[in-house]
Amino acid sequence: GQQVQQSPASLVLQEGENAELQCNFSSTATRLQWFYQRPGGSLVSLLSNPSGTKHTGRLTSTTVTKERRGSLHISSSQITDSGTYLCAMVNNNAPRFGAGTKLSVKP
Amino acid sequence: GGIITQTPKFLIGQEGQKLTLKCQQNFNHDTMYWYRQDSGKGLRLIYYSITENDLQKGDLSEGYDASREKKSSFSLTVTSAQKNEMAVFLCASSIPGTGYFGNTLYFGEGSRLIVV
């Protein structure tokens, strides 16, 4: 079955609103890594953390490996944040990805 | 900083043809990966390699071969291209282990496969 599930599948926000993206995984993970992808673009690594909370700019990643879940919080969203956000579950095997959350930020 | 280079960016082939994608990295990473991304979907693992000459099957290895002859390069072969295989193929590399930076992935730009 699917090892990594992301929700919501899509999200539409007004500029300035906050976004909360969820990632749940079915087996033991040592870390979650979050990526951003524009349509037709390559993947850009945003945050990678084994547990707890990590910040960079307007992004906050929280990972609770014992509960097999993580989240990415985007504060004060901007139009340029639009794109797909992918979560990767990392353990002693190769990383597995969720299907992504497609974010659209409207003016 | 390092870079991952995938060639070619676009690979056009005929149905049934054997097609090869190449990936080079200069991070000096031990582990390399091939993922497939279908339009609007997440990434599925095809093959990975934890060191030179090592190969590990992923979730989608049927219909593909891989080769890791050097630490810096990892190639993927579609053994018999099918029209439903048109997708973007992404190569990645990482540092091994479970330390703070362990398994953090770095990606190439991707190679788009078109089957006619």
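The values are calculated or read from the model by the stated rules, or taken from the named source; none is laboratory data. It should be emphasised that the depicted structure is a prediction, and the values quoted were computed from it without experimental measurement. Cβ sites come from the backbone with ideal geometry, for glycine too, and all protein chains shown count toward neighbours. Surface areas here come from the heavy atoms of the whole protein model, side chains and all, with no ligands, DNA or RNA. Shrake-Rupley method; radii C 1.70, N 1.55, O 1.52, S 1.80 Å.
Per-peptide packing, taken as the mean over residues of other Cβ atoms within 10 Å, places A:79-87, B:78-86, B:27-35, A:33-41 in the sequence B:27-35, A:79-87, A:33-41, B:78-86 from highest down.
For the range B:1-22 versus the range A:25-87, the spacing of their alpha-carbon centroids is 28 Å.
Derived scalar couplings between HN and Hα for the range B:12-21 equal 10, x, 9, 4, x, 7, 8, 10, 10, 10 Hz in order, rounded to whole Hz, by the Karplus curve 6.51 cos²θ - 1.76 cosθ + 1.60 (θ = phi - 60°), x for Gly and Pro.
Among B:Leu21, B:Leu60, B:Leu45, the largest mean-square fluctuation in a Gaussian network model of chain B (Cα springs under 10 Å) belongs to B:Leu60. Give me the distance between the Cα centres of the range A:92-107 and the range B:44-82, rounded to whole Å. If you average the Cα positions of each part, the centres end up 23 Å apart. Just the protein heavy atoms count here, and of the accessible area of chain B at 1.4 Å, carbon and sulfur take up 48 percent. The dipole here belongs to the range A:4-106: it is taken about the Cα centre, uses +1 on the Cβ of Lys and Arg and -1 on the Cβ of Asp and Glu, and is about 280 debye. Solvent-accessible surface of protein heavy atoms, probed at 1.4 angstrom with all chains present, puts A:Val44, A:Val105, A:Val12 in the order A:Val12, A:Val44, A:Val105, largest first.
Sorting the Cα pairs of the protein assembly as shown by distance into bins of 10 Å, from 0 upward, gives 8, 34, 35, 19, 4, 0 percent per bin.
First measure r as the distance between the Cβ atoms of B:Lys57 and B:Gln17, then evaluate 1/(1 + (r/R0)^6) with R0 = 30 Å and state the FRET efficiency to the nearest 0.05. Approximately 0.85, to the nearest 0.05. Only the Cβ atoms of Lys and Arg (+1) and of Asp and Glu (-1) were treated as charged; on that basis the dipole of the protein assembly as shown about its Cα centre amounts to roughly 80 debye. Look at the stretch B:40-48: the mean tally of other chain Cβ atoms within 10 Å of its residues' Cβ atoms is 5. Phi angles across the range A:76-84 convert, under the Karplus curve 6.51 cos²θ - 1.76 cosθ + 1.60 with θ = phi - 60°, into 3J(HN,Hα) values of 6, 4, 10, 4, 6, 7, 4, x, 10 Hz, Gly and Pro given as x. Inter-chain Cβ neighbour count for B:104-113, averaged per residue, equals 4 (cutoff 10 Å, partner chain atoms only).
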